[in-house]
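Structure first, commentary second.
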Amino acid sequence: MRAEVHDTGIALVFGGSRGIGRASAERLAECGLAVVIAYRSDETAALDAVTSIRQAGGRAEALRADVCDEAAVRGAFREVAAMEGLLRTVVFSAGITSDGLLATMSAESWSRVIDTNLTGAFHVSRQSVKAMRKTGGSIVLVSSTSGISGQPGQGNYSASKGGINALTQSLAKEVAGLGIRVNAVAPGFTDTDMLRRMDAKARAEYAALIPLGRVADPREVAFAIEFLAGPHSSYTTGQILAVDGGITA
């Protein structure tokens, strides 16, 4: 479905090679934005996403950037600054899990999730503000319903996503005067690689708890990201939008 054109600027999507990030990159391209897909390691998936967008008539590039590496994130923004067009939207969709009960969780598992999910969001958000401070724009962070209500066995993940929610609200107040909006989406169970790695029985049990009776398609979350990134949410900032089939209602 072709969307209303937002503008002719650039959307930089971290974690854009798979799952919600890829669906968001494809949707923003449909809105007329030139999309830059930033990926950590899976070049094949990133280039496949670029090809998909181009075949649909959109504009896309890919670049490698580990969100845990401050210098790499800074370099990604430098590359985008050298491109034709203004950076209008930054989406942070990079994230990992390493589940386990807190009492037996290793410090490495804790740090790896926090470093990627939360410190990565900090690196990306800080560079976004620097890049958009004179032009305005929109930052959309991908959180989780686990950040709204912490889940057992996900102490590290829930803490990282809860931190993203607080970061969203704090930063939104800091940069509103610069014309920069900061929002987050908090997806529930979504049909991504992360969910598919779960046991089939466990997936079915979780789906049964969702009022709408099913998990989300990544594009359903991407539509919410498009809304928060685009002109129809011009008076919306500092919000955490749950896209969860009603599970947090």
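Annotation for segment 37-51 versus segment 168-247: alpha-carbon center distance of 22 Å. Rounded to the nearest 20 debye, the dipole magnitude of the chain is 400 debye, with +1 charges on Lys and Arg beta carbons, -1 on Asp and Glu beta carbons, and the Cα centre as origin. Applying the Karplus relation 6.51 cos²θ - 1.76 cosθ + 1.60 with θ = phi - 60° to segment 170-185 yields 3J(HN,Hα) values of 5, 5, 4, 6, 5, 10, 4, x, 8, x, 9, 9, 10, 9, 9, 10 Hz, where x marks Gly and Pro. Please state the shape class of segment 194-237: rounded when a/c is under 1.5, otherwise prolate if a/b exceeds b/c and oblate if not, all from the C-alpha gyration tensor. Prolate, since a/c reaches 1.5 and a/b exceeds b/c.
The aspartates and glutamates whose alpha-carbon is closer than 17 Å to the alpha-carbon of LYS161, local same-chain residues fewer than 8 away aside, are ASP99, ASP115, ASP244.
Amide H contacts under 5 Å for ILE180: GLY137, restricted to partners 5 or more places along the chain or on a different chain, H placed in the peptide plane at 1.01 Å from N. At full extension, THR135 and THR8 could sit 44.3 nm farther apart than now, given 0.36 nm per residue minus the alpha carbon distance. Geometric descriptor of segment 106-176, per residue, is 72 Å³ (volume of the convex hull of the Cα atoms). Within the straight-line cut-off of under 16 Å between alpha carbons, the lysines reachable from LYS130 are LYS173, sequence neighbours fewer than 8 places apart in one chain being disregarded.
Remark: the LYS173-ARG214 segment gains 11.2 nm on full extension, using 0.36 nm per residue and subtracting the alpha carbon distance. Taking amide H positions as modeled 1.01 Å from N, with prolines and chain starts lacking one, the residues under 5 Å from LEU141 and 5 or more places away or on another chain are PHE92, ASN183, ALA184, VAL185. In summary, the convex hull built on the alpha carbon positions of the chain has an orientation-averaged projected area of 12.9 nm².
Extension gain for the segment GLU79 to ALA107, taken as residue separation times 0.36 nm less the Cα-Cα distance, is 6.6 nm to one decimal. Highest mean packing comes first when the peptides 105-116, 37-48, 211-222 are listed by Cβ atoms within 10 Å, giving 37-48, 211-222, 105-116.
None of the figures in this text is laboratory data; all of them are computed from the coordinates on show. The shown structure was predicted, so the numbers you read here are calculated from the model rather than taken from an experiment. Glycine also receives a Cβ, built like all others from the backbone with ideal geometry; neighbour counts cover every protein chain displayed.
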